[in-house]
2 protein chains.
Amino acid sequence: MPATTHPMTRKAGRPRIAVPRARLVEIARRIFADNGYHNTTLDQVAEQAGIRRASLLHRFGSKANLYRELLDQVVGDLRNLVRSAFGPQADFLEALDVLGGRVVDYLGGRPGVGRMLLRELVDGGPYLEGAGIQAVQDTLEVTTAFLASGMSDGAFREQDPRQLALTIVGIHLYYFATLPSTGAFIGAEAYTAEGVAVRKAAVLAHVRSVCEARPGEERRTGAVIGRH
Amino acid sequence: MPATTHPMTRKAGRPRIAVPRARLVEIARRIFADNGYHNTTLDQVAEQAGIRRASLLHRFGSKANLYRELLDQVVGDLRNLVRSAFGPQADFLEALDVLGGRVVDYLGGRPGVGRMLLRELVDGGPYLEGAGIQAVQDTLEVTTAFLASGMSDGAFREQDPRQLALTIVGIHLYYFATLPSTGAFIGAEAYTAEGVAVRKAAVLAHVRSVCEARPGEERRTGAVIGRH
DNA sequence: GTCTATAACGGGATAGAC
DNA sequence: GTCTATCCCGTTATAGAC
């Protein structure tokens with residue numbers, strides 16, 4: 001008895017047109033995002049794509065490889081957003097708003113992507129164990145450098161820039177990643193235009209709040225601010 | 001051939017003293033926290049406890065049951081922290097600091113717990129699918145009510161209290177949950193007294209920033225603040 | 001490059017002795 | 001309450017035809 005059922009009766013051999021690689025990655029992205037790495041079977045992906053599991057394995061070598069390729073794309077997109085927003089000549093507060101808006105649009109426009117990314121950061125799955133950790137660290141370093149510049153400039157208040165960077169990333173990622181379980185807690189649908197707009201307004205306000213210098217506040221040099 | 005190797009040659013029958021249930025849960029907590037639900041095998045837990053996998057299954061019925069019992073404890077602890085901090089008579093800014101400090105101490109003192117909790121929120125595993133979702137929602141509602149009160153009081157600035165609640169939870173959880181992958185990004189060791197103190201200072205400052213009313217700012221009634 | 005078929009493995013769960 | 005022994009299922013990966 002074969003390991004899986006065979007829903008289609010198709011002959012072996014070359015197909016007229018091969019399923020494009022990008023399409024396979026796109027299909028895999030949706031399914032991985034919905035179910036997580038371990039709860040996703042290659043049969044699910046293959047079925048959606050209309051090919052066999054063995055064919056999928058032939059193209060990508062292994063399940064882990066397919067997953068890596070797909071996450072590499074997401075991290076690359078986000079890294080590009082960060083890099084383009086944090087040019088050396090930028091107005092600091094404005095750059096904060098621009099990047100925040102773009103990131104929220106990116107995550108809000110791709111249900112499940114935030115989940116998948118955060119899951120990977122939490123679990124240290126196949127992607128991070130490879131080259132992915134480098135891309136993530138690089139993105140954090142770029143962000144940290146930008147924040148430190150803003151502090152020197154006086155636009156942002158003095159504090160530990162690495163702690164601040166992680167807080168900001170947390171504000172962005174947590175919300176979209178936990179929507180499946182906290183979605184009912186929010187009033188409206190999150191992945192609609194209005195839902196994304198509501199979150200964007202909140203994110204921009206919150207990120208500004210944790211960063212920007214306050215006129216009336218005394219200047220400190222340590223990491224502890226605002227504790228009296 | 002048996003499914004697993006048998007490192008010990010022990011006879012069947014009642015042991016002199018049974019392994020306490022609490023100890024089994026504690027062992028399971030550490031391993032689940034390190035490896036996640038799907039990457040944890042009952043053999044790992046059983047081996048650490050010095051019993052067989054079948055014995056573990058006898059006590060808890062199933063792997064999912066064991067996991068639920070353990071996560072229920074963590075969520076219960078955090079919910080109690082939130083409830084005790086948000087009494088109706090509290091000073092708002094002070095309550096914010098007190099709770100933030102306690103939560104950071106809790107997560108900082110139990111490596112892996114933040115990871116496990118966030119993973120569950122992201123994935124919607126066996127715990128959340130049961131009664132867990134109720135406890136999480138309840139905790140969020142209590143927090144939201146507190147924040148709304150603070151806004152009415154004038155201590156916090158007017159904004160969408162639910163968006164604010166999720167931002168605050170994100171600030172707390174993201175950091176500790178992603179330490180395995182971003183730990184190298186921070187200078188010091190995170191789960192030391194100093195490491196926890198550094199994070200605590202940052203969290204208190206950031207949470208205050210996103211909540212507190214600013215003296216010089218005009219009053220708005222909508223959810224959008226700080227966008228010009 | 002896709003197919004069929006099968007090998008090999010790991011892990012959750014159960015039956016019954018002690 | 002713990003053990004041994006077994007069952008059974010899902011998943012990865014490979015072999016070889018077309």
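The values are calculated or read from the model by the stated rules, or taken from the named source; none is laboratory data. Model, not experiment: these values are computed from the prediction. FYI the Cβ positions are ideal-geometry reconstructions off the backbone, even for glycines, and counts take in every protein chain you see. Only protein heavy atoms, including side chains, enter the accessible area calculation; ligands, DNA and RNA are left aside. Shrake-Rupley method; radii C 1.70, N 1.55, O 1.52, S 1.80 Å.
Across the range A:30-53, the number of residues qualifying as within 11 Å of DNA strand C (Cβ to nearest atom), part of a loop (DSSP other than H, G, I, E, B) and open to solvent by less than 60 Å² (accessible area, probe 1.4 Å) comes to 2.
Evaluation of residue A:116 against the conditions (1) within 12 Å of chain B (Cβ to nearest Cβ); (2) open to solvent by 10 Å² or more (accessible area, probe 1.4 Å); (3) at pLDDT below 95 shows that the sole unmet condition is (2).
How many residues are part of a helix (DSSP H, G or I), more than 9 Å from every other protein chain (Cβ to nearest Cβ) and crowded, with 16+ Cβ neighbours inside 10 Å if we restrict to the range A:184-196?
If we filter the range A:184-196 for residues that are part of a helix (DSSP H, G or I), which is where we start, we get A:184-185, A:193-196.
Now narrow it down to the ones that are more than 9 Å from every other protein chain (Cβ to nearest Cβ): A:193-196.
Applying the additional criterion that residues be crowded, with 16+ Cβ neighbours inside 10 Å yields A:195-196.
Count: 2.
Annotation: of all residues in the range B:16-29 being within 22 Å of residue A:123 (Cα to Cα) and of a type outside the set (A, V, I, L, M), the one that is least open to solvent (accessible area, probe 1.4 Å) is B:29. Restricting attention to the range A:7-19, and to residues there that are farther than 17 Å from residue A:65 by Cβ and more than 12 Å from DNA strand D (Cβ to nearest atom), which single residue is modelled with the highest pLDDT? Ranking the candidates gives A:18 first. Would you confirm whether any residue within the range A:150-161 is in a helix (DSSP H, G or I), within 14 Å of residue B:206 (Cα to Cα) and of a type outside the set (A, V, I, L, M, F, W, C)? Yes - at least one qualifying residue is present in the range A:150-161.
Here is the figure for the range A:36-51: residues that are in contact with a Ser or Thr (Cβ under 9 Å, 6 or more places away or on another chain) and more than 7 Å from DNA strand D (Cβ to nearest atom) total 2.
Listed conditions (1) open to solvent by less than 20 Å² (accessible area, probe 1.4 Å); (2) more than 15 Å from DNA strand C (Cβ to nearest atom) are all met by residue A:77, apart from (1). Taken over the range A:148-165, the criterion of being free of Cβ contacts under 8 Å to residues at least 24 places away in the same chain and either within 30 Å of residue B:126 (Cα to Cα) or facing another protein chain (nearest Cβ under 7 Å) (or both) is satisfied by A:162 alone.
When residue A:133 is tested against (1) open to solvent by 10 Å² or more (accessible area, probe 1.4 Å); (2) touching a residue at least 24 places away in the same chain (Cβ under 8 Å), exactly one condition is not met: (2). Scanning the range B:89-106 for residues that are within 11 Å of chain A (Cβ to nearest Cβ) and out of contact with any helix residue (DSSP H, G or I) (no Cβ under 9 Å at 6 or more places or on another chain) returns a single hit, B:94.
Against the definition (open to solvent by 10 Å² or more (accessible area, probe 1.4 Å) and polar (S, T, N, Q)), how does residue B:163 come out, yes or no? Spelling it out, it is not the case that residue B:163 is open to solvent by 10 Å² or more (accessible area, probe 1.4 Å) and polar (S, T, N, Q). Does residue A:145 count as assigned to a helix (DSSP H, G or I), away from chain B (no Cβ under 11 Å), of a type in the set (A, V, I, L, M, F, W, C) and open to solvent by less than 30 Å² (accessible area, probe 1.4 Å)? Judged against the criteria, residue A:145 is not a match.
Residues in the range B:170-183 that are assigned to a helix (DSSP H, G or I) and at the interface with another protein chain (Cβ under 7 Å from one of its Cβ atoms): B:170, B:171, B:173, B:174, B:175, B:177, B:180, B:181, B:182.
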